[in-house]
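The structure appears below as structure tokens.
The values are calculated or read from the model by the stated rules, or taken from the named source; none is laboratory data. Please read these numbers as outputs of a predicted model, since none were measured by experiment. Positions of Cβ are generated from backbone atoms using ideal geometry, with glycine treated the same way; all protein chains shown enter the neighbour counts.
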Amino acid sequence: MVERAPSLVCGIDLGGTKILGVVIDATAPSGSAVDNFGIIASKRVPTPHDGQETLIATLAALVADLTAAVQDASGGEIGAVGLGAPGLVDRDGVLHTGPNLPGIEDCPFSDRLGSATGLPVAVDNDATCAAWAEHELGRFGGHNHTLFLTLGTGIGAGITVKGQLLRGANGYAGEPGHMVLDPNGPPCPCGRRGCWERYASGSGLARLARDAAHAGRAPGLVELAGGDPEAVRGEHVTTAASRGAPGALEIMAEFGWWVALGIANLVAVLDSEVVIIGGGLVEAGSVVMDPIRAAFGDVLFGARARPAIPVEQASMGEFAGAIGAALLAAQRLR
């Protein structure tokens with residue numbers, strides 16, 4: 001039994017394309033984490049896609065590299081590891097399914113990574129980790145009822161109720177990307193059709209943009225993509241929209257409506273005080289956020305009867321998931 005939380009904790013954000021690891025001093029008061037959120041060391045590596053063995057080995061090597069970096073810098077020792085993984089993570093640290101990690105199912109990350117590193121390992125959903133980092137260290141920590149969303153390859157969520165994370169009966173709360181908005185819609189990697197993230201994630205934006213390109217509504221995007229409509233990606237849309245290209249602005253308005261529709265459905269259930277949006281997509285700033293805000297009031301049930309619900313861009317950027325994983329690991333080990 002661990003009697004007190006370790007000081008230095010490694011947090012890892014496991015994504016579909018990259019893995020980001022950080023080391024923080026989890027005992028430092030939040031006010032002292034102003035500089036880069038108190039990160040002592042960090043490293044990124046690509047996510048391998050050839051099975052559990054390789055993935056566990058990659059994560060263990062990342063922890064070893066961060067341990068060496070901390071020892072060289074201060075002589076400190078990492079006392080625990082927190083891992084944020086995309087998908088359904090149960091309370092025992094097993095990732096049962098993750099559509100954006102093909103081939104990784106029923107993986108006991110807590111046990112296997114713990115054996116590989118010799119350290120206690122706590123595992124949670126990646127968006128839940130990011131939500132907790134924003135709650136503890138971000139600009140919106142004063143709110144008790146928050147809805148945090150990550151817009152990346154897919155959509156994840158972290159929810160706080162009365163200042164505590166909502167995990168659900170099995171730890172699976174926070175997968176709104178797989179709410180079905182249209183059962184006849186486009187196929188989703190989860191095996192169903194018309195999931196919210198098919199319209200409102202980074203991959204969803206790319207799909208909307210390719211549809212527009214094939215219909216001849218966005219010639220500028222095709223030019224940015226090298227002349228091939230199938231090569232159009234979300235970043236082409238945000239780049240063109242930031243330059244004021246009409247076709248791209250129309251696509252962003254459609255995308256913003258789909259994002260806002262899902263948010264309105266969630267707020268109708270949760271009655272959140274604030275909606276915080278993170279993930280790689282919102283790094284484009286107002287070109288993404290403004291269409292979402294513009295549509296939100298139109299699609300939210302009872303908008304006029306409710307107090308204003310701000311829709312804000314997350315404040316901790318790409319580090320939120322890894323920092324939150326570290327904070328939750330330290331908290332769980334207290």
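In segment 242-262, the residue that is surrounded by the fewest Cβ atoms within 10 Å (Cβ to Cβ) out of those that are in contact with a Leu (Cβ under 9 Å, 6 or more places away or on another chain) and under 18 Å from Gln313 (Cα atoms) is Leu261.
Filtering segment 263-287 down to residues that are assigned to a helix (DSSP H, G or I) and within 16 Å of the chain's Cα centre (by Cα), which residue is surrounded by the fewest Cβ atoms within 10 Å (Cβ to Cβ)?
Out of the qualifying residues, it is Glu283.
Please enumerate the residues belonging to segment 300-323 that are surrounded by fewer than 18 Cβ atoms within 10 Å (Cβ to Cβ) and either over 24 Å from Ala241 (Cβ atoms) or β-branched (Val, Ile, Thr) (or both). Within segment 300-323, Phe301, Gly302, Ala303, Arg304, Ala305, Arg306, Pro307, Ala308 qualify. Regarding Val282, is this residue under 22 Å from Gly158 (Cβ atoms) and either assigned by TED's automatic domain parsing to the domain that holds Arg91 or not basic (Lys, Arg) (or both)? Answer is yes for this residue. Take the conditions (1) at pLDDT 95 or above; (2) surrounded by fewer than 20 Cβ atoms within 10 Å (Cβ to Cβ); Lys162 misses just one of them, which is (1). Taking the conditions exactly as written (among the aliphatic types (A, V, I, L, M), without any contact (Cβ under 8 Å) to a residue 40 or more places away in the chain and at negative phi), does Leu224 satisfy them or not? So Leu224 fits the description; yes.
Looking only at segment 229-249, residues that are in a loop (DSSP other than H, G, I, E, B) and either more than 23 Å from Gly285 (Cα to Cα) or in contact (Cβ under 8 Å) with a residue 24 or more places away in the chain (or both) come to 3 in all. Each residue in segment 178-205 was checked for being of a type outside the set (Phe, Trp, Tyr) and not in a helix (DSSP H, G or I), and 18 of them qualify. Looking only at segment 75-106, which residues are among the small types (Gly, Ala, Ser) and either part of a strand (DSSP E or B) or at pLDDT 95 or above (or both)? Gly79, Ala80, Gly82, Gly84, Ala85, listed by residue number.
This table checks each residue for (1) within 25 Å of Arg139 (Cα to Cα); (2) modelled with pLDDT of 95 or more.
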{"residue": "Val259", "(1), (2)": "yes, yes"}
{"residue": "Leu266", "(1), (2)": "yes, yes"}
{"residue": "Val274", "(1), (2)": "yes, yes"}
{"residue": "Val282", "(1), (2)": "yes, no"}
{"residue": "Ala294", "(1), (2)": "yes, yes"}
{"residue": "Arg304", "(1), (2)": "no, no"}
{"residue": "Gly317", "(1), (2)": "yes, no"}
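Listed here are the strands (runs of 3 or more DSSP E) enclosed by segment 120-165 that have at least 1 residues being assigned by TED's automatic domain parsing to the domain that holds Ala200: 146-151, 155-161.
Looking at segment 206-228, is at least one residue crowded, with 16+ Cβ neighbours inside 10 Å, in contact with a His (Cβ under 7 Å, 6 or more places away or on another chain), part of a helix (DSSP H, G or I) and at pLDDT below 90? Yes - at least one qualifying residue is present in segment 206-228. Checking the stated criteria, Phe109 turns out to be modelled with pLDDT of 95 or more and of a type in the set (Phe, Trp, Tyr).
Taking first residues from segment 110-128 that are closer than 26 Å to Phe148 by Cβ and partners that are part of a helix (DSSP H, G or I) and not aliphatic (A, V, I, L, M), the Cβ contacts under 6 Å between residues at least 6 apart in sequence or on separate chains come to Val121/Ser110; Val121/Gly114; Ala122/Arg332; Val123/Phe109; Val123/Ser110; Asp126/Gly321.
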